[in-house]
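Novice: I am attaching a structure below and will ask some questions about it afterwards.
The values are calculated or read from the model by the stated rules, or taken from the named source; none is laboratory data. For clarity, every value in this text was computed on a predicted model and none was experimentally measured. Backbone-built Cβ (ideal geometry, glycine too); neighbour counts: all protein chains shown.
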Amino acid sequence: MTDEHADESSQPEPEELAMPSAKALSGQVARHLAEAVLAPLAIFYGVDAIFGLWPALGASAAWTLGAITVYLLRGGRPSALLVASAGLAMLQLAITAAAREPKVFFLQPTIATYIFGFVMLATSWRSSPIILRLALDFVPLPEEVVGARSVRRFFRGLSLLWGFVLLINASITLLMLITASTRLAVPVATAASAPVFLLGLVLSYRGFKRAIHAAGYVLIWGGGEAIT
């Protein structure tokens, strides 16, 4: 019995990994999503309803480029999500203008989602998959934590998970675009895809906690109690 207690006491205590408060983290995630995804979509649909497709395409692209410019002028670094959103907006504008077919605009994000999903799967075998860069935009982690074997393994698995999530959601959207009108397809596909995204988020968080614990850390959210 004494030896067992000695073994238990000899195990090192996990280090505390300070994380932002739930409010601060939610605010940061909401800000990145708002500027890179929600605002361009809202601008597109608002301008489209009043002025039509082409002004809406231009306004959406102008928003993302303007947001990046503001970051650079202030000496900051735009998130990878915002840069990707700006690149996609410009590509959509160019291809839709060349094709002169509105449905092409709605099809392009689906194709881009397929491509990004395959990129996630392809980079899942690397020590630093692309999803790691995206994750660090939302939750900055110390280098020693990111370098831990269990954390690296987690991000490779996370890349696989979100690769499949993106492929499933792209397939749902493509099916809706083929079988329904353009204006109905996007909101219905978004609603149908939501449960898949939510499941991905839950699995991601649980996997992150396990990886951090295996690396010898315990999460401390906003200076509160440890989450084990």
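Novice: Among the residues of the range 33-59, write down those that are surrounded by 19 or more Cβ atoms within 10 Å (Cβ to Cβ) and closer than 19 Å to VAL70 by Cβ.
Specialist: Listed by number, the residues that qualify are GLU35, ALA36, PRO40.
Novice: Give GLU13, GLU8 a once-over and let me know the one that is assigned to a loop (DSSP other than H, G, I, E, B), at pLDDT below 75 and closer than 27 Å to TRP221 by Cα.
Specialist: GLU13
Novice: Given the criteria at pLDDT 85 or above, within 20 Å of the chain's Cα centre (by Cα) and closer than 18 Å to ALA36 by Cα, does PRO109 qualify?
Specialist: No.
Quick grid of which residues meet (1) modelled with pLDDT of 80 or more; (2) more than 30 Å from LEU160 (Cβ to Cβ); (3) among the charged types (D, E, K, R):
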{"position": "SER79", "(1), (2), (3)": "yes, no, no"}
{"position": "MET90", "(1), (2), (3)": "yes, no, no"}
{"position": "ILE95", "(1), (2), (3)": "no, no, no"}
{"position": "LYS103", "(1), (2), (3)": "no, yes, yes"}
{"position": "GLY117", "(1), (2), (3)": "yes, no, no"}
{"position": "MET120", "(1), (2), (3)": "yes, no, no"}
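Novice: Ok, one more. Being of a type outside the set (S, T, N, Q) and farther than 30 Å from MET176 by Cα narrows it down to one of LEU121, LEU57, LEU88, LEU136, so name that one.
Specialist: Criteria check complete, one pass: LEU136.
Novice: Could you please let me know if ALA67 is closer than 26 Å to LEU17 by Cβ, in contact with an Asp or Glu (Cβ under 7 Å, 6 or more places away or on another chain) and among the hydrophobic types (A, V, I, L, M, F, W, C)?
Specialist: Against the criterion (closer than 26 Å to LEU17 by Cβ, in contact with an Asp or Glu (Cβ under 7 Å, 6 or more places away or on another chain) and among the hydrophobic types (A, V, I, L, M, F, W, C)), ALA67 does not qualify.
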